[in-house]
Amino acid sequence: MPVQILLNLFIAALWMFLQDDWSISTFTLGYLLGLLLIWMTRRFFNEPFYLRRIWALIALLVLFIRELISSSILITRQILRPKLNITPGIFTLETTLETDLEITVLALLLMLTPGSVVIEVSEDGKTFYMHAMDIPDSSDMALRSKDKFEKAIMGVTR
Amino acid sequence: MFDLILLISLLLISFAILVALYRVYKGPSMPDRIIALDSIGINLIALIAVFSIYMRSTAYLEAILILGILAFIGTIAFSKFIERGVAIERKHD
Amino acid sequence: MKVNDVILQTVTKIVVFIIFTFAFYLFFAGHHDTGGGFIGGLWLHQLVLLYLSYDIDTISKAIPINYRTLIGVGVSVSMLTGLGSILLGFPFLSHTFEYVDFPFFGRLSLPHLYSLSLVCCLQLLVGHSQSF
Amino acid sequence: MNESMIEIIVAILVLIGVALALISAFGLIRLPDVYTRSHAATKSATLGVLVTIIGAFLFFGLSEGVYSVRLILGIIFVFLTAPVAGHLICRAAYRSGVSLSKESVQDDLEPILGNEEERRAKNKERHHRSS
């Protein structure tokens, strides 16, 4: 992926040299041209076309925002309810992700799922200890959405 | 009308800061106070954003990032101090 | 169970670059807009964030700056900027609005030099915590 | 887009943000212990600030043509750091032995880090050693 981005920037710079025009619009045009060239020659690279990863990144961002909104709605409902009806507690959650970046992104996502806050990460980074607002509901929701998050994160990093 | 709405929201954010200050004063434990201080910092960011709309000036926008940085660093320092007794460690053990 | 700081350290790695770029921006914008004096503190904060999320030994290995040399350089630069006005026959540290024009990059004013020396001096605090 | 449309959109965004900030402040008062309060402080307060900053961004962008990069940096910064701050405070609270509220039904960390009295004693001893 870094090779493709560098090549693309190189094509854009080359385009600016050829046009003899140093403006943002020429650079953008050259970059788009580079995208087209790399897409045409994508079978020469050993890795998939890098726009696919950028697309996965955008999907991850949309997921982030959706989780943030839904968890805010839930917490608002719980605070504004006339009689507090919560059963908080701490539960564990296992993950299969490995590198630091993946673990961090998963933790940030889990922190935004409705009603759960990561309290502690175990030493090897495989187990999350999370505090939940409503123990059966929130922990079920976190367990269910964990697979979705892991798939979305792996689409970006691997 | 628009200015009136902005003024009312400035007032409401100030009220939210006051409510959080009550938690800082009351808070049974130290982490309670830190959470309240953190949310005061976050509310101040919103206050500056609304205020810069009200003044129609982009001169205040640098303060948003600076306040965010300060609130974040303050929260980290406090929570590390409570957890380990020192804010900056000599060596990781 | 030992403390695992993965989340803090990874986020710090990303956030430090935002702070650092912003610090440079403020340093060059500060003389005509608001917030010029803030810059020393902001530089310092960037380092404090690193020291908070890692520890002193790791950071002094990762950023090999000798703070004592830096303080010496800073103090001497601020002295020299002050003495420069004496050479021209004005009182010590009198303010100039002379600009040095660089091709392509625009202009750099002389007060920038003085701020730079002050920033070096502000590293005193960090250097202090490192050397004891 | 004409002037009044922009003002209506920005006013709605700002009001949503302010309402979320107020609700999370009330949550700080109402909820029973540190851990549940951190839910209110990290989620709805963050969304409130984000919505307000997006309102400011749209206002300056649409009405004056100034698309401020500083505001986007601020959005990214708040988005990244607010959950981390919540996580760190919760961990500090648990390790220094702040008790869970009496409504709590489950605690999987207790067998690993010890119960409240042990944690409190360990934390006190750590503070003594470092000072």
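Taking the alpha-carbon set of the protein assembly as shown, what are its Rg and Dmax in Å?
My reading of the Cα-based Rg and Dmax gives 25.3, 80 Å.
In whole percent, and with a 1.4 Å probe on the protein chains, what portion of the accessible area of region D:3-130 is carbon and sulfur? Show your work: numbers first, answer last.
Values: 3060 of 4860 Å².
Ligands and nucleic acids excluded, carbon and sulfur give 63 percent.
Find the sum over both chains of the accessible area lost when C and A are paired, probe 1.4 Å, and report it in Å² to the nearest 100.
Numbers: alone 9490 and 10520 Å², together 19090 Å².
When C and A are taken together, about 900 Å² of accessible area is lost.
Taking the Cα atoms of region B:2-84 alone, what are Rg (to one decimal) and Dmax (as a whole number) in Å?
Radius of gyration, then largest Cα-Cα span, for region B:2-84: 14.6, 49 Å.
Non-local amide H neighbours of A:GLU120 (under 5 Å, H modeled in plane, Pro and chain starts lacking H): which ones?
Those qualifying (amide H under 5 Å, at least 5 residues apart or on another chain) are A:TYR129.
Using the eigenvalues of the Cα gyration tensor, what equivalent ellipsoid semi-axes result for region A:47-153 when each is taken as the square root of five times the eigenvalue, whole Å, largest first?
Working: eigenvalues 149, 63, 16 Å².
For region A:47-153, the semi-axes come out at 27, 18, 9 Å.
Give the cross-link partners of A:LYS146 among the lysines, using a straight C-alpha distance below 22 Å as the criterion and excluding same-chain residues fewer than 8 apart.
Cross-link targets: A:LYS126, D:LYS43.
In whole percent, and with a 1.4 Å probe on the protein chains, what portion of the accessible area of region B:2-84 is carbon and sulfur?
Working: 2510 of 3190 Å².
Carbon with sulfur: 79 percent of the solvent-accessible area.
So, with a 1.4 angstrom probe, what is the percent of accessible area on region A:56-134 that is carbon and sulfur?
On the way: 1950 of 2980 Å².
Heavy-atom surface of region A:56-134 belonging to carbon and sulfur, 1.4 Å probe: 66 percent.
In a shell of Cβ-Cβ distance under 14 Å around A:ARG66, excluding A:ARG66 itself, what net charge do Lys and Arg (+1) and Asp and Glu (-1) give?
Working: positive: A:LYS148, D:LYS43; negative: A:GLU67.
Counting the neighbours of A:ARG66, the net charge comes to +1.
Hey, can you find the accessible area per residue of region D:1-106 for me, probe 1.4 Å, expressed in square angstrom?
On the way: 3380 Å² over 106 residues.
It amounts to 32 Å² per residue over region D:1-106.
Let me have the 222 nm mean residue ellipticity of the protein assembly as shown computed from DSSP H runs of 4+ only, each contributing -39500 (n - 2.57), with the sum over all residues rounded to the nearest 500. Intermediate values should be presented prior to the final figure.
Numbers: 19 runs with 370 residues, N = 514.
Computed mean residue ellipticity for the protein assembly as shown: -24500 deg cm²/dmol.
Excluding A:ILE75 itself, what net charge comes from residues whose Cβ is under 14 Å from its Cβ, given Lys and Arg +1 and Asp and Glu -1? Write out the running numbers ahead of the final one.
On the way: positive: A:ARG77, A:ARG81, D:ARG30, D:ARG37, D:LYS43; negative: A:GLU67, A:ASP134, A:ASP137.
In short, +2.
Which lysines does B:LYS91 reach when only Cα atoms under 24 Å apart count, and residues fewer than 8 places away in its own chain are ignored?
Cα-Cα hits under 24 Å: B:LYS80, C:LYS2, C:LYS13, C:LYS61, D:LYS122, D:LYS124.
Along region D:67-74, what does the Karplus equation 6.51 cos²θ - 1.76 cosθ + 1.60 (θ = phi - 60°) give for ³J(HN,Hα), rounded to whole Hz, x for Gly and Pro?
With coefficients 6.51, -1.76 and 1.60, one gets 8, 7, 6, 4, 5, 5, 4, x Hz.
In square angstrom and rounded to 100, what buried accessible area do you get between chains B and D, total over both, with the probe at 1.4 Å? Display every interim value, and only then the final one.
Details: alone 7090 and 9310 Å², together 12160 Å².
Approximately 4200 Å² gets buried when B meets D.
Taking the Cα centre of chain D as origin, sum charge times position over the Cβ atoms of Lys and Arg (+1) and Asp and Glu (-1), and report the length of that vector in debye to the nearest 20.
Details: 13 positive and 12 negative charges, 111 e Å.
Charge dipole of chain D: 540 debye, to the nearest 20.
Place a +1 charge on the Cβ of each Lys and Arg in chain A and a -1 charge on the Cβ of each Asp and Glu, then give the dipole magnitude about the Cα centre in debye, rounded to the nearest 20. Each step should come with its number before you reach the end.
Numbers: 14 positive and 16 negative charges, 119 e Å.
Dipole about the Cα centre, nearest 20: 560 debye.
May I ask you to evaluate 6.51 cos²θ - 1.76 cosθ + 1.60, the Karplus curve with θ = phi - 60°, for each residue of region D:9-20 and list the ³J(HN,Hα) values in order in whole Hz, giving x for glycine and proline?
Here the 3J(HN,Hα) series is 4, 5, 4, 5, 4, 5, 5, 4, x, 5, 4, 5 Hz.
Taking the dipole about the Cα centre of the protein assembly as shown, with the C-beta of Lys and Arg at +1 and of Asp and Glu at -1, give me whichever of D:HIS87, D:ILE75, C:THR21 is farthest to the positive side.
D:HIS87
Which percent of Cα-Cα pairs in region A:1-53 sits in each 10 Å bin, short to long?
Using 10 Å bins, I get a P(r) of 28, 50, 20, 2 for region A:1-53.
Going out from 0 in 5 Å bins, what whole percent of all Cα-Cα distances in region D:3-130 drops into each bin?
Reading upward from the zero bin: 2, 10, 14, 15, 14, 11, 10, 8, 6, 5, 3, 2, 0.
In peptide A:62-68, what is the residue-averaged number of other protein chain Cβ atoms found within 10 Å of each Cβ? Mind dumping the intermediate values first?
On the way: counts 0, 0, 1, 3, 0, 1, 7.
Partner-chain Cβ atoms within 10 Å, mean over residues of A:62-68: 2.
Considering the dipole of region D:3-130 built from charges on the beta carbon (Lys and Arg +1, Asp and Glu -1) around the Cα centre, which of D:LEU22, D:PHE59, D:VAL10 is farthest to its positive end?
The one lying farthest along the dipole's positive direction is D:LEU22.
Net charge within 13 Å of A:LYS151 by Cβ-Cβ distance, Lys/Arg positive one each and Asp/Glu negative one each, not counting A:LYS151 itself? Write down the numbers at each step before the final one.
On the way: positive: A:ARG144, A:LYS146, A:LYS148, A:ARG158; negative: A:GLU102, A:ASP147, A:GLU150.
The answer is +1.
Enter the accessible area per residue of region A:1-109 (Å², integer; probe 1.4 Å; all protein chains in place). Write down the numbers at each step before the final one.
Details: 6820 Å² over 109 residues.
Computed with neighbouring chains in place, this is 63 Å² per residue.
Between region A:32-75 and region D:51-103, what's the alpha-carbon centroid distance in Å?
24
Calculate the dipole size of the protein assembly as shown relative to its Cα centre from +1 charges on Lys and Arg beta carbons and -1 charges on Asp and Glu beta carbons; express the result in debye to the nearest 20. Each step should come with its number before you reach the end.
Numbers: 40 positive and 41 negative charges, 111 e Å.
Charge dipole of the protein assembly as shown: 540 debye, to the nearest 20.
Which order do the peptides A:66-75, D:11-20 come out in when sorted by mean C-beta neighbours inside 10 angstrom, highest first?
Numbers: A:66-75: 19.5, D:11-20: 21.1.
Listed from highest to lowest mean packing, they are D:11-20, A:66-75.
The values are calculated or read from the model by the stated rules, or taken from the named source; none is laboratory data. These numbers come from a predicted model, not from an experiment. Note: ideal-geometry Cβ built from the backbone for every residue, glycine included; neighbour counts use all protein chains shown. Areas reflect the complete protein model, heavy atoms only, side chains present, ligands, DNA and RNA absent. Shrake-Rupley method; radii C 1.70, N 1.55, O 1.52, S 1.80 Å.
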